[in-house]
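What follows is a short report on a single structure.
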Amino acid sequence: MNRPQLYAKFSDLQKTDNSFVLDNYLETGGWGDGESICDIGCGDGTFSVEGLAPRLPDNFERLIACDVSEKMLDFARDKYPLPKFEFVEFDVSADDVPDEFRNAFHHVFSFYTMHWVRRQRKAFKNVFKMLKPGGDILFTFLAKSSLYDIYQNMSKRKKWSQYSVKEYISPYHGLKQPEKHLQKLLNNVGFDVKVCKLVTRSFHFPTLDVFRNTITAVNPIVQKLHPDDVEEYQEDFMAELSSIKSVVVENVNNNSDKSIREIHKIFVVIAKKPE
Ligand SMILES: C[S@@+](CC[C@H](N)C(=O)[O-])C[C@H]1O[C@@H](n2cnc3c(N)ncnc32)[C@H](O)[C@@H]1O
């Protein structure tokens, strides 16, 4: 994901789900003075600074926001040159964590990122290492989405079949009981799991254009296409919408404008590293 400007404008779906999760699951009653916080997969930085931080006790010591994309980080650094925030390059599924991240954080958050990560076990092991004993995580990310079904249908079309989509689909999308699978993984890594559940969410895109831009901001295939092919890809993508039951295209106010309702399932994960 390398389109910070577009993502900053067209990520209401992600921000709405993230806010829902924090408003319903974040508990900061037991927090002390000077807590150290990490947000993994901060993207353009907007949600770390404007969504997460305002919901935290304001006496936290620092918030390290990490991402694997330098383009995202550059955008975030430019937009938010703030004293308690630092934007750092870090791949959560790297072979190991840097020394300065080891036992470094009281709280690790992650929003709309872990579905991009193939090496789930390695990533959660790294997060475990990053926490201080007694530290906790609150993660939310996509488990299942109708948009993944569209990606899969698109790859069956001859013209787009050369673009593999497998690595961009949540590793939990095809599983019957994703929450059981993830709970087991977290327990194996050593976490005490408090919440590991799926929540069904729906999102209303007010226009087709907002929908198209939201997808383009996160769709890695679009970035691989020859510029001359982008429009045709987007048209085919829109044409696939009608084949997906959980995506509803509606007329707006009886005129020719259309809006889109879409349903997806997110994980809510709260877990603790034992003292
Ligand atoms: C959809 S954005 C989420 C941004 C922000 N957290 C939000 O909710 O608006 C996902 C971000 O995860 C980052 N990402 C993907 N794989 C990652 C990895 N292995 N380690 C760290 N960040 C990763 C991408 O570069 C991208 O910026």
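The values are calculated or read from the model by the stated rules, or taken from the named source; none is laboratory data. As the structure is a prediction and not an experimental result, all values here were calculated from the model. In this analysis, Cβ positions are derived from the backbone assuming ideal geometry, glycine residues included, and neighbour counts consider all displayed protein chains. Heads up: the accessible areas ignore ligands, DNA and RNA and are worked out on the full protein's heavy atoms, side chains in. Shrake-Rupley method; radii C 1.70, N 1.55, O 1.52, S 1.80 Å.
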Members of the range 27-62 found to be open to solvent by 40 Å² or more (accessible area, probe 1.4 Å) and within 16 Å of the ligand (Cβ to nearest atom), listed by number: Glu50, Pro54, Arg55
Flag if Asp149 is of a type in the set (Asp, Glu), surrounded by fewer than 20 Cβ atoms within 10 Å (Cβ to Cβ) and touching a His at 6+ places or on another chain (Cβ under 9 Å): yes
Residue satisfying condition, being under 22 Å from Cys196 (Cβ atoms) and of a type outside the set (Phe, Trp, Tyr), within set Asp12, Asp39: Asp39
Failed criterion for Glu86 (all others in (1) assigned to a strand (DSSP E or B); (2) more than 14 Å from the ligand (Cβ to nearest atom); (3) open to solvent by less than 70 Å² (accessible area, probe 1.4 Å) hold): (3)
Search result, residues across the range 111-121 that are open to solvent by less than 70 Å² (accessible area, probe 1.4 Å), part of a helix (DSSP H, G or I) and near the ligand (Cβ under 9 Å from one of its atoms): Met114, His115
Scope the range 122-145; condition of a type in the set (A, V, I, L, M, F, W, C), within 22 Å of His173 (Cβ to Cβ) and more than 13 Å from the ligand (Cβ to nearest atom); matching residues: Ile137, Ala143
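Please find, among Asp95, Asp39, Asp99, the residue that is within 29 Å of Phe10 (Cα to Cα) and either free of Cβ contacts under 8 Å to residues at least 40 places away in the same chain or charged (D, E, K, R) (or both). Walk me through it before giving the result.
Details: Asp95 fails: within 29 Å of Phe10 (Cα to Cα); Asp99 fails: within 29 Å of Phe10 (Cα to Cα).
Answer to the selection: Asp39.
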Every residue from the range 43-71 that is within 20 Å of Asp12 (Cβ to Cβ) and part of a helix (DSSP H, G or I): Thr46, Phe47, Ser48, Val49, Glu50, Gly51, Leu52, Ala53, Pro54, Arg55
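Out of Asp91, Asp74, Asp95, which single residue is near the ligand (Cβ under 9 Å from one of its atoms), of a type in the set (Asp, Glu), more than 19 Å from Ile266 (Cα to Cα) and outside any strand (DSSP E or B)?
Among Asp91, Asp74, Asp95, only Asp91 is near the ligand (Cβ under 9 Å from one of its atoms), of a type in the set (Asp, Glu), more than 19 Å from Ile266 (Cα to Cα) and outside any strand (DSSP E or B).
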Selection from the range 94-110 of residues that are open to solvent by 10 Å² or more (accessible area, probe 1.4 Å) and closer than 17 Å to Ser69 by Cβ: Ala94
